[in-house]
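See below for the structure under consideration.
What follows draws every value from the coordinates through simple rules; no lab data is involved. No experiment lies behind these values; they were computed from the predicted model shown. Positions of Cβ are backbone-derived with ideal geometry, glycine not excepted, and every protein chain shown enters the neighbour counts.
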Amino acid sequence: MDDRCRLYLVTPPVLPPGFRDTLAAALDAGDVACLQLRLKDAPRDAVLRAIEELRPVAQARDVAFLLNDDALTAAATGCDGAHLGQEDGDHAAARMALDGRILGITCHGSRHLAMRAGEMGADYVAFGAFFPTATKEVRHEAEVETLRWWAEVMEIPCVAIGGITAANCAPLVRAGADFLAVVGAVWAHPDGSAAGVRAMNAAIAAAL
């Protein structure tokens, strides 16, 4: 791992028409470490179609393509890994299914859950939400100090998520977040997704 903080994109909860081109423009605009396909309410066939359409766009640009919630489908469809919440199945079984691939686990604001995820072999842990977000109901909040503690004592990378924008991300970067997971800051940027990526990367660089 390098020491810089990098951008971690999460797809909108519903993919708008032409999203493949929107994604390509975003990934071509600046540094992006990975893309998580997160379609919580979509039927399985729609998720499979989205994987088939979007995975090549990410992987052709050396951007890791992760599937939310479903480790078995991620492994079966050529994804680079999966991101699981605390209620998303058996994490130990997911680790086995994703042998050689990326497993990320949501840990909310809990140091205990993060330590347990690390012991189970997670490749990264995700803390959040740090700010209010329109993407999902915030049931768990995280503190910047948790990021700082994790960065100091653990080598496993950490992702900060939840309402992160170019305007508010600096404390998270300085605390030691390895990745910033964003949705609206890129896809809802008034000047388009490419401008959103450029703005986030500029804010990360300024914070460092």
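With labels modelled as points extended 7 Å from the Cα through the Cβ direction, what inter-label distance (nm, one decimal) is found for Arg20 paired with Ala76?
2.3
Taking 0.36 nm per residue of separation and subtracting the Cα-Cα distance, what length does fully extending Met120 through Asp191 add?
21.4 nm
Using label points projected 7 Å from each Cα along Cα→Cβ, tell me how many nm separate Lys40 and Asp62, to one decimal.
Using points 7 Å along Cα→Cβ, the separation is 3.4 nm.
Enumerate the helices in the chain for which the Kyte-Doolittle hydropathy averages 0.5 or more and the C-alpha atoms extend at least 18 Å along the helix's axis, using complete DSSP H runs.
The answer, listed by residue number, is 193-207.
Mean shadow of the range 85-135, computed from the convex hull of its alpha carbons, in nm²?
On the way: hull surface 15.5 nm².
Approximately 3.9 nm², given one-decimal rounding.
Return the loop-located trypsin sites (Lys or Arg not before Pro) in the range 111-188 (DSSP other than H, G, I, E, B) with at most 12 other Cβ atoms within 10 Å of their own Cβ; answer none if there are none.
Arg139
Is it possible to state the helix-based mean residue ellipticity at 222 nm for the chain, with each DSSP H run of 4+ residues giving -39500 (n - 2.57), the sum divided by total residues, to the nearest 500 deg cm²/dmol? What is it?
Calculated at 222 nm, the ellipticity per residue is -11000 deg cm²/dmol.
Kindly put Val159, Val57, Val63 in sequence by how many other C-beta atoms sit within 10 Å of each C-beta, fewest to most.
Lowest count first: Val57, Val63, Val159.
Set Lys and Arg Cβ to +1 and Asp and Glu Cβ to -1, take the dipole of the chain about its Cα centre, and tell me which of Thr73, Gly109, Pro171 lies farthest positive.
Pro171
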